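Inspection log for the structure reproduced underneath, given as structure tokens.
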Amino acid sequence: MKPRTFDYLRAKTLADVFAVFEAHGDEALILAGGQSVVPALNMRLSEPAILVDINRIPELDRIELQGGVVRIGALCRHETVRRSDVIAGHVPLLVQALAHVAHPAIRNRGTLGGSLCNADPAAELPACALALGTTMVVESASGSRRIPASDFFIGFYETSLEPGEVLVAMEVPVAGNGEIHFFDEIARRQGDFALAGLAAVAKCDGGRLVSVRFAFHSCGDRSLLSPQLSAVVEGMPNGAVDGAAIDAALKGDLDPPDDAVTSSETRLHLAGVLVRRALAHINSEADT
Ligand SMILES: Cc1cc2nc3c(=O)[nH]c(=O)nc-3n(C[C@H](O)[C@H](O)[C@H](O)COP(=O)(O)OP(=O)(O)OC[C@H]3O[C@@H](n4cnc5c(N)ncnc54)[C@H](O)[C@@H]3O)c2cc1C
């Protein structure tokens, strides 16, 4: 299929984007890397009157270390972030996770902002944003606001962005001393969307797990934190695993749907496998 006819504007500034939203309201759609937008246009799942292309707005594609946070511009490509020394040094979780996002051709075009705003429940980056405690920096004609990742993903392909708002950057706290990052997923083939995936950020001290955030993708209508699982493992001696309590916590926090790909039960089982891998990794890293 081919898309319906639409107008196109290449924005040079954020003010250009706001002007398009002012004139066209929800008939306007942002084009970033186009890796989700273009297929949706071609299949006529999306029929905007105008596409506003943000690829030439220079300030949106920077990675900067600012005190205790790494600020990643929304237009930074997946592959740029994966190869960045700043990211490798301060947010290793993203390097691990991005290797699982699709294939090089898609990672060369796809942007972090596009993936987060698309809010695909099977995407890796929303889970990373939750595990890392990321803050989304958003701008519109009426000003800017900051949204914690835990309030950003609100449903199936749905975020708390208001009409006319643009995600301009993500602010990620730098990994502190003793912080351990873990990412893994189970997919049929490398580069496929996962059957289940897990991003985790842990802190250990004195042989115990002090705190850990577990964020799952492909296990519900959006990426989800598992507070019950954190409560089960926090305070435990490193290496201790209470399998029954882990499985009960996962059942309490995750409710993956049955779908054409696999069953809810299988996704929950795979989530449990990933948690056990994460705890083994955290234990081995805490000892080093
Ligand atoms: C074959 C294939 C396989 C893929 N596999 C994976 C995978 O395994 N894992 C994965 O996570 N992703 C996968 N993707 C998706 C890919 O990661 C995309 O990069 C991502 O979904 C969207 O990023 P984008 O920059 O292309 O955004 P676009 O497609 O340009 O935009 C996506 C949505 O976000 C909105 N948007 C974009 N930027 C902003 C912004 N700054 N502010 C507000 N709204 C904005 C757009 O209007 C649109 O609604 C795959 C894509 C393809 C085509």
* Asked: Separation of segment 192-215 and segment 104-178 by C-alpha centroid, Å?
  -> 19
* To do: Quote the relative contact order of segment 58-173 in percent (integer), defining contacts as alpha-carbon pairs under 8 Å separated by 6+ residues.
  => 28
* To do: Treat the count of other C-beta atoms within 10 Å as a stand-in for reagent exposure and order 1, 136 from fewest to most.
  => 1, 136
* Extended-chain gain in nm, criterion 0.36 nm per residue less alpha-carbon gap, residue 42 and residue 162 -> 40.7 nm
* Asked: Taking 0.36 nm per intervening residue step and subtracting the Cα-Cα distance, what contour gain separates residue 4 from residue 64 on full extension?
  -> 17.7 nm
* Quick one: go through segment 132-176 and flag any residue whose amide nitrogen is under 14 Å from the point 7 Å out along the Cα-to-Cβ line of residue 50. => 164
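In debye, nearest 20, what is the charge dipole magnitude of the chain about its Cα centre with +1 on Lys and Arg Cβ and -1 on Asp and Glu Cβ, if you could check?
In debye, rounded to 20, the chain gives about 700.
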* Just rank 189, 10, fewest to most, by other beta-carbon atoms within 10 angstrom. => 189, 10
* How big is the charge dipole of segment 54-192 about its Cα centre, in debye rounded to the nearest 20, if each Lys and Arg gets +1 on its Cβ and each Asp and Glu gets -1 on its Cβ? -> 380
* So for 139, 64, fewest C-beta neighbours within 10 Å to most, what's the order? -> 64, 139
* **Relative contact order [Cα under 8 Å, 6+ residues apart], the chain, whole percent** => 15
* To do: Calculate, in whole percent, how much of the Cα-Cα pair population of segment 7-53 lies beyond 16 Å.
  => 32
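Sum -39500 (n - 2.57) across every DSSP H segment of at least 4 residues in the chain, then divide by the residue count to get the 222 nm mean residue ellipticity, nearest 500.
Computed ellipticity for the chain at 222 nm equals -10000 deg cm²/dmol.
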* Structure fact -> Farthest towards the positive end of the dipole of the chain, among 246, 117, 226 and with Cβ unit charges of +1 on Lys and Arg and -1 on Asp and Glu, lies the Cα of 117
* **At most 16 other Cβ within 10 Å, DSSP loop - GluC sites (Glu not before Pro), segment 196-288** => 234
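Taking the alpha carbon gyration tensor of the chain, what are the square roots of 5 times its eigenvalues, largest first, to the nearest whole Å?
Output for the chain: semi-axes of 34, 21, 16 Å.
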* Asked: How high is the FRET efficiency between residue 234 and residue 105 when r is their beta carbon distance and R₀ equals 30 Å, given to the nearest 0.05?
  -> 0.15
* Dipole magnitude of segment 7-53, debye to nearest 20 (Cβ charges: Lys/Arg +1, Asp/Glu -1, about Cα centre) -> 200
* **segment 112-175: relative contact order as a whole-number percent, Cα under 8 Å and 6+ apart** => 39
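The numbers here are math on the coordinates, done by the rules we state, and not lab data. Only a predicted model underlies this, so the values are computations on that prediction, with no experimental measurement involved. Cβ coordinates were reconstructed from backbone atoms using ideal geometry, including for glycine residues, and neighbour counts include every protein chain displayed.
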